[in-house]
1. Pairs, please: C-beta under 6 Å, at least 6 apart or cross-chain, first residue within 18 Å of P56 (Cα to Cα) and in the stretch 16-38, second among the basic types (K, R) and modelled with pLDDT under 90?
2. Which of the residues spanning the stretch 24-59 are basic (K, R), more than 11 Å from the chain's Cα centre (by Cα) and not in a loop (DSSP other than H, G, I, E, B)?
3. Any residue in the stretch 66-83 that's modelled with pLDDT of 85 or more: show its pairings with residues that are surrounded by 11 or more Cβ atoms within 10 Å (Cβ to Cβ) and in a loop (DSSP other than H, G, I, E, B) at Cβ separation under 6 Å, as long as the two are six or more apart or on different chains.
4. I'd like the full set of residues that are under 13 Å from the mean Cα position of the chain (by Cα) and either assigned to a loop (DSSP other than H, G, I, E, B) or more than 18 Å from A7 (Cβ to Cβ) (or both), limited to the stretch 60-80.
Amino acid sequence: MPLSWRADAWMLERDDPAPIRVRTGEFSPERVRADGSLEPGRVVVKTDDLGAVDVPYQLLTPPWPPPAGLRPMRPGEGGRPWG
């Protein structure tokens, strides 16, 4: 996974009508443990605060593998971090 994937803002579609702008906070691919069992990957995203230090944010953990609802921004969307 290229590092630029982590630097970009993404959109997370939820049950709410509008997707929200997020950034990846943690990304761990699947890996094989020493005993041979598979440890699932993990992705944690946080609502994008555009660098503000005084704005509350949420940490969200979508299922693994990352769902199609976690996607790159489309042209014209994501101007506001909260939808």
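The values are calculated or read from the model by the stated rules, or taken from the named source; none is laboratory data. These numbers come from a predicted model, not from an experiment. Don't worry about glycine lacking a Cβ; one is built from the backbone with ideal geometry, like all the others, and counts go over all protein chains shown.
1. Pairs found: T24/R6.
2. R31, the sole residue that qualifies.
3. G69/E13; L70/P62
4. L60, T61, P62, P63, W64, P65, P66, P67, A68, G69, M73
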